[in-house]
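Below is one structure, written out as structure tokens; comments come after it.
The values are calculated or read from the model by the stated rules, or taken from the named source; none is laboratory data. The structure presented is a predicted model; accordingly, all values stated were derived computationally and were not measured. A quick note on method: Cβ atoms are made from the backbone with ideal geometry, for glycine too, and the neighbour counts reach across all protein chains shown.
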Amino acid sequence: DGTSWMIRDGTVLCEGMSLEHLRRDLQHQYGPGASPVFVYSRAALVHNVRCYLDALSPMGAGGVLAYSLKANGNPRVAATLLEAGVQRATCVSGNEMKVAIKAGFPSNKLIFNGNGKRRWEVEEAVRSGSLLNVDSMFDARRVVEVATEVGVQAKLLLRLNPAIDALTHPYLSTALADCKFGVEESQVKEVLNVLWAARSSVKVEGVHVHLGSAITDLSVYADVMQSVCRVLYQIQKFGWHDAALVNLGGGLGVFPAPHQLPGDHPLALIDNGTPTVPTPTPADLVKVVLPLLPEGATLILEPGRSLVASAGVLMTEILGVKTNGGKVFVVTDAAMTEVIRPALYGSKHPVTHLTQPKVSPLLHRPIRQTDTALEEAAHLVDVVGPVCESGDFLARECRLSPPVTQGDSLLVWMTGAYCFAMASNYNMRPHALEVMVHGSASYKVIRRPQNFDDLMKECQ
Ligand code: LLP
């Protein structure tokens, strides 16, 4: 999307709005609470939905787009995705279901997924008429019990563990044979037996798999289709003849190579952590799976990251610059409490200046550091936060062009997914505020910053 992020006159714009102006405006309203701040582009969210809908459009009603709410649970973000054309919301807790409903998703358009569902959550999902993923034998028994008691026939997908390596970070692989998710193929029959015995209370409508997250090699989606087809056929043979839903989960990685971005996109210009290998698109994904779908099946995709990651940046202030052991540390007011992904998965989020971002050659000249700035040359720096952990870093060995000055702002890119969603209050740090920009002249604070009283509210 060419309009979401660009550099003009030496500063980064979001939908034409200067982030520097936005920063000052927020500071005026919230004082110290204004930084760090997550800034989302509405146009980027809409664009990301469009990419999926366009990819699915040849399938007509046979292609369904769901949003995995866990990636970003702000109801305004979810509502924007819904307005843009997302049809369902995939939720992993009762509270996520409540957020989806608050955002405007019809209560019967949820997909409730999880390997450990509580009774009240199952009840909520059954009453709403949503789809539930059955993850295990104990899950099947519980759904049967609740549905029988509530007197509503539950609509189910069987979550299959296909024993496939998604070729991603181990923590983001969810379909290996020894992962905790889903039912392995050899146990499918047993689980279906339990469900068939209670068929007046439950109806199996199809299969669900989720291979993992941040996937860049699409061949894994092709690999899973055989077992998906086998299990769907097995379900039909049991007697649910019209079972036709194939939910392939989410998983697309999102780190665009510079040539996949518009020419004036900051990441195309700055190349600070951007990969050179192109990331597959939703169209690439659909192209892989479509020919392998069983005849008459309805395909559900439920991405999280690829709908929201590129729509968000984290804007943070430099608190100071220091060196230790020859290493330069740029200390910001953002920390692992806002962006835990580098510490947890070794993820690389590009970091750039807010103003005067420019490509700088990598020079190994002696470091000259004043008390407040790194003035000379381009250095590999570690961008770190104030949290009392050495694991508290936003970027390691990151190339920032000088000067790197106290009080200046940095942007941490691709932070629309799994950043605020995984935020913590560690070190008594309040949650950051979230802002959505809509055009060059309008923005909305979609979550105010937490304050000390918020942090103390539950203590007694
Ligand atoms: N469907 C299911 C069943 C899932 O478990 C997930 C993500 C998704 C869909 C959405 O996947 P996505 O399109 O976002 O890759 N905290 C990690 C990501 C964990 C994803 C867990 N499941 C991170 O920051 O990378």
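Output the residue which, of all residues in the range 395-413 that are under 16 Å from residue 327 (Cα atoms) and of a type in the set (D, E, K, R), is modelled with the lowest pLDDT. This residue is 399.
When 34, 78, 61 are checked against the criterion of being in contact with a helix residue (DSSP H, G or I) (Cβ under 9 Å, 6 or more places away or on another chain) and not assigned by TED's automatic domain parsing to the domain that holds residue 419, 78 stands alone in meeting it. Scanning the range 251-307 for residues that are of a type outside the set (A, V, I, L, M, F, W, C), over 21 Å from residue 173 (Cα atoms), modelled with pLDDT of 95 or more and touching a strand residue (DSSP E or B) at 6+ places or on another chain (Cβ under 8 Å) turns up just one, 298.
Kindly evaluate residue 246 against the criterion of being hydrophobic (A, V, I, L, M, F, W, C), within 16 Å of the ligand (Cβ to nearest atom) and more than 13 Å from residue 161 (Cα to Cα). Considered against the rule, which asks whether it is hydrophobic (A, V, I, L, M, F, W, C), within 16 Å of the ligand (Cβ to nearest atom) and more than 13 Å from residue 161 (Cα to Cα), residue 246 comes out as yes. Residue 221 - would you say it is of a type in the set (Ser, Thr, Tyr), crowded, with 16+ Cβ neighbours inside 10 Å and either in contact with a Phe, Trp or Tyr (Cβ under 8 Å, 6 or more places away or on another chain) or part of a helix (DSSP H, G or I) (or both)? In short, yes.
Across the range 359-367, not a single residue is classified as modelled with pLDDT of 80 or more and either surrounded by 18 or more Cβ atoms within 10 Å (Cβ to Cβ) or in contact with a strand residue (DSSP E or B) (Cβ under 9 Å, 6 or more places away or on another chain) (or both). Of all residue pairs spaced 6 or more apart or on separate chains, those with beta-carbon atoms under 8 Å, a first member in the range 403-427 that is free of Cβ contacts under 8 Å to residues at least 40 places away in the same chain and a second member that is assigned to a loop (DSSP other than H, G, I, E, B) and more than 16 Å from the ligand (Cβ to nearest atom) are 403/375. Of all the numbered requirements in (1) within 18 Å of residue 240 (Cβ to Cβ); (2) crowded, with 16+ Cβ neighbours inside 10 Å, residue 210 misses one, and that requirement is (1).
Just wondering, is there one or more residues in the range 325-334 that are surrounded by fewer than 24 Cβ atoms within 10 Å (Cβ to Cβ), within 14 Å of the ligand (Cβ to nearest atom) and of a type in the set (Lys, Arg)? There is no residue in the range 325-334 that is surrounded by fewer than 24 Cβ atoms within 10 Å (Cβ to Cβ), within 14 Å of the ligand (Cβ to nearest atom) and of a type in the set (Lys, Arg). Of all residues in the range 274-304, those being more than 27 Å from residue 79 (Cα to Cα), among the hydrophobic types (A, V, I, L, M, F, W, C) and either within 16 Å of the ligand (Cβ to nearest atom) or not assigned by TED's automatic domain parsing to the domain that holds residue 225 (or both) number 2. Considering the range 157-172 alone, what residues qualify as being within 11 Å of the ligand (Cβ to nearest atom) and either assigned to a helix (DSSP H, G or I) or surrounded by fewer than 20 Cβ atoms within 10 Å (Cβ to Cβ) (or both)? Within the range 157-172, 169, 171, 172 qualify. Report yes if some residue within the range 381-392 is under 27 Å from residue 68 (Cβ atoms) and within 16 Å of the ligand (Cβ to nearest atom); otherwise report no. Yes, there is a match, as at least one residue in the range 381-392 is under 27 Å from residue 68 (Cβ atoms) and within 16 Å of the ligand (Cβ to nearest atom). At least 3 residues being more than 26 Å from residue 10 (Cβ to Cβ) and over 18 Å from the mean Cα position of the chain (by Cα) is the threshold, and among the helices (runs of 4 or more DSSP H) wholly inside the range 249-323 those reaching it are 282-289. Among the residues in the range 257-273, are any surrounded by fewer than 18 Cβ atoms within 10 Å (Cβ to Cβ), in the same structural domain as residue 171 (by TED's automatic domain parsing), away from the ligand (no atom under 13 Å from the Cβ) and within 21 Å of residue 81 (Cα to Cα)? The answer is no, given that none of the residues of the range 257-273 is surrounded by fewer than 18 Cβ atoms within 10 Å (Cβ to Cβ), in the same structural domain as residue 171 (by TED's automatic domain parsing), away from the ligand (no atom under 13 Å from the Cβ) and within 21 Å of residue 81 (Cα to Cα).
Pairs meeting the criteria (first residue in the range 210-225 and aromatic (Phe, Trp, Tyr), second residue surrounded by fewer than 21 Cβ atoms within 10 Å (Cβ to Cβ), beta carbons under 8 Å, at least 6 apart or on different chains) are 221/288; 221/289.
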